[in-house]
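**Student:** Take this structure first; my questions come after.
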Amino acid sequence: FTGKTGSELLTEQIKKFKVQQYQHVPIVVKESVSVYDAISTMFLEDVGTLFVVDEQSCLTGVLSRKDLLRASIGQQDLNAIPVHIIMTRMPNITVCRKEDLLIDVAMKLMNKQIDGIPVVRDVDAGLEVIGRITKTTITKVFVELITNDQV
Ligand code: ADP
């Protein structure tokens with residue numbers, strides 16, 4: 001008997017969760033696609049954040065729902081604006097890696113007040129996007145922890 005309370009054991013368990021175990025498939029678009037096509041992709045793929053990549057498939061930017069809304073207000077032709085004009089760009093992108101602790105990524109989501117973080121891998125040309133962690137990921141883990149505990 002360790003003398004640890006249930007909540008201490010639960011905390012220890014949560015602190016071991018790694019990104020790799022919980023990451024989802026990332027939805028990416030090329031820098032050259034139009035704002036119109038990015039909006040279509042966001043609806044079709046049912047995500048709130050798109051990651052933007054260059055010709056070598058390396059991360060160059062992020063597009064949120066509000067980035068696309070902002071670009072849409074008062075614009076005549078959304079087909080004529082490429083997403084690289086409006087995206088948040090590198091090096092100002094918050095990223096994580098598959099071996100990172102989920103709790104650290106959850107803290108980044110909170111502290112930076114963003115909805116999603118790309119999981120990246122270092123390659124010669126830059127950072128390859130291999131996954132995503134979002135607020136939904138964290139919500140699912142939270143619910144699973146509680147419901148698994150009850151049965
Ligand atoms: P929204 O703006 O639609 O509510 P977010 O809160 O995720 O969605 O995004 C807020 C701003 O932060 C947007 O301009 C977006 O481009 C940017 N952003 C989103 N995710 C990241 C990230 N991982 N790293 C850096 N900036 C990001």
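The values are calculated or read from the model by the stated rules, or taken from the named source; none is laboratory data. What you see is a predicted model, and the numbers here were worked out from it, not measured in a lab. No Cβ is skipped: glycine too gets one built from the backbone with ideal geometry, and neighbour counts run over all protein chains shown. What goes into the accessible areas is simple: the full protein's heavy atoms, side chains included, and nothing from ligands, DNA or RNA. Shrake-Rupley method; radii C 1.70, N 1.55, O 1.52, S 1.80 Å.
**Student:** Which residues, counting only those in segment 65-79, are part of a helix (DSSP H, G or I), open to solvent by 70 Å² or more (accessible area, probe 1.4 Å) and of a type in the set (A, V, I, L, M, F, W, C)? Outline the logic, then answer.
**Tutor:** First, the residues of segment 65-79 that are part of a helix (DSSP H, G or I): 65-72, 78-79.
Those left that are additionally open to solvent by 70 Å² or more (accessible area, probe 1.4 Å): 65-66, 69-70, 79.
Within segment 65-79, just Leu69 meets the criteria.
**Student:** Test of understanding: among Lys98, Lys108, which residue is touching a residue at least 60 places away in the same chain (Cβ under 8 Å), open to solvent by 60 Å² or more (accessible area, probe 1.4 Å) and more than 22 Å from Glu45 (Cα to Cα)?
**Tutor:** Values: Lys108 fails: touching a residue at least 60 places away in the same chain (Cβ under 8 Å).
After applying the criteria, what remains is Lys98.
**Student:** Exactly one condition in (1) part of a helix (DSSP H, G or I); (2) farther than 21 Å from Cys96 by Cα is false for Glu55; which is it?
**Tutor:** Unmet for Glu55, out of (1) part of a helix (DSSP H, G or I); (2) farther than 21 Å from Cys96 by Cα: (1).
**Student:** Check off (1) surrounded by 11 or more Cβ atoms within 10 Å (Cβ to Cβ); (2) within 16 Å of the ligand (Cβ to nearest atom); (3) more than 30 Å from Glu12 (Cα to Cα); (4) not basic (Lys, Arg) for Gln56 and give me the number that stays unchecked.
**Tutor:** For Gln56, the failing item is (2).
**Student:** Answer yes or no as to whether Thr94 is in contact with a strand residue (DSSP E or B) (Cβ under 9 Å, 6 or more places away or on another chain), of a type in the set (Ser, Thr, Tyr), within 13 Å of the ligand (Cβ to nearest atom) and in a loop (DSSP other than H, G, I, E, B).
**Tutor:** On the way: in contact with a strand residue (DSSP E or B) (Cβ under 9 Å, 6 or more places away or on another chain): yes; of a type in the set (Ser, Thr, Tyr): yes; within 13 Å of the ligand (Cβ to nearest atom): yes; in a loop (DSSP other than H, G, I, E, B): yes.
Yes: the conditions hold for Thr94.
**Student:** Can you report the number of residues in segment 113-128 which are within 17 Å of Thr88 (Cβ to Cβ), open to solvent by 20 Å² or more (accessible area, probe 1.4 Å) and not polar (S, T, N, Q)?
**Tutor:** Total satisfying the criteria: 4.
**Student:** Also, I was wondering about something else. Among (1) among the β-branched types (Val, Ile, Thr); (2) in a strand (DSSP E or B); (3) under 27 Å from Leu145 (Cβ atoms), where does Val62 come up short?
**Tutor:** Only one criterion in (1) among the β-branched types (Val, Ile, Thr); (2) in a strand (DSSP E or B); (3) under 27 Å from Leu145 (Cβ atoms) is unmet by Val62, namely (3).
**Student:** Moving to a separate point now. Please verify whether segment 10-19 includes one or more residues that are touching a residue at least 60 places away in the same chain (Cβ under 8 Å), in contact with a helix residue (DSSP H, G or I) (Cβ under 8 Å, 6 or more places away or on another chain) and open to solvent by less than 50 Å² (accessible area, probe 1.4 Å).
**Tutor:** Checked against the condition, which is being touching a residue at least 60 places away in the same chain (Cβ under 8 Å), in contact with a helix residue (DSSP H, G or I) (Cβ under 8 Å, 6 or more places away or on another chain) and open to solvent by less than 50 Å² (accessible area, probe 1.4 Å), segment 10-19 yields at least one hit.
**Student:** Looking at (1) under 13 Å from Pro26 (Cα atoms); (2) open to solvent by 90 Å² or more (accessible area, probe 1.4 Å), which one does Phe51 not meet, given that it meets all the others?
**Tutor:** Going through the list (1) under 13 Å from Pro26 (Cα atoms); (2) open to solvent by 90 Å² or more (accessible area, probe 1.4 Å), Phe51 breaks only (2).
**Student:** While we're here: Which residue pairs have Cβ atoms closer than 8 Å, lie 6 or more positions apart in sequence or on different chains, and pair a first residue in segment 22-38 that is assigned to a strand (DSSP E or B) with a second residue that is of a type in the set (Gly, Ala, Ser)?
**Tutor:** Taking only residues 6 or more apart or on different chains, the pairs are His24/Gly131; Val28/Ser57; Val29/Ala38; Ser34/Ala80.
**Student:** Hey, can you tell me all the residues within segment 14-44 that are β-branched (Val, Ile, Thr) and either within 14 Å of the ligand (Cβ to nearest atom) or modelled with pLDDT of 95 or more (or both)? Explain how you work it out, then say what you get.
**Tutor:** Looking only at segment 14-44, we keep the residues that are β-branched (Val, Ile, Thr), and these are 14, 19, 25, 27-29, 33, 35, 39, 41.
Answer for segment 14-44, where residues must be β-branched (Val, Ile, Thr) and either within 14 Å of the ligand (Cβ to nearest atom) or modelled with pLDDT of 95 or more (or both): Val19, Val25, Ile27, Val28, Val29, Val33, Val35, Ile39, Thr41.
Every residue, every condition in (1) modelled with pLDDT of 95 or more; (2) within 15 Å of the chain's Cα centre (by Cα), yes or no:
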site	(1), (2)
Asp46	yes, yes
Val52	yes, yes
Leu68	yes, no
Gln75	no, no
Ile85	yes, no
Asp122	yes, no
Val129	yes, yes
Arg132	yes, yes
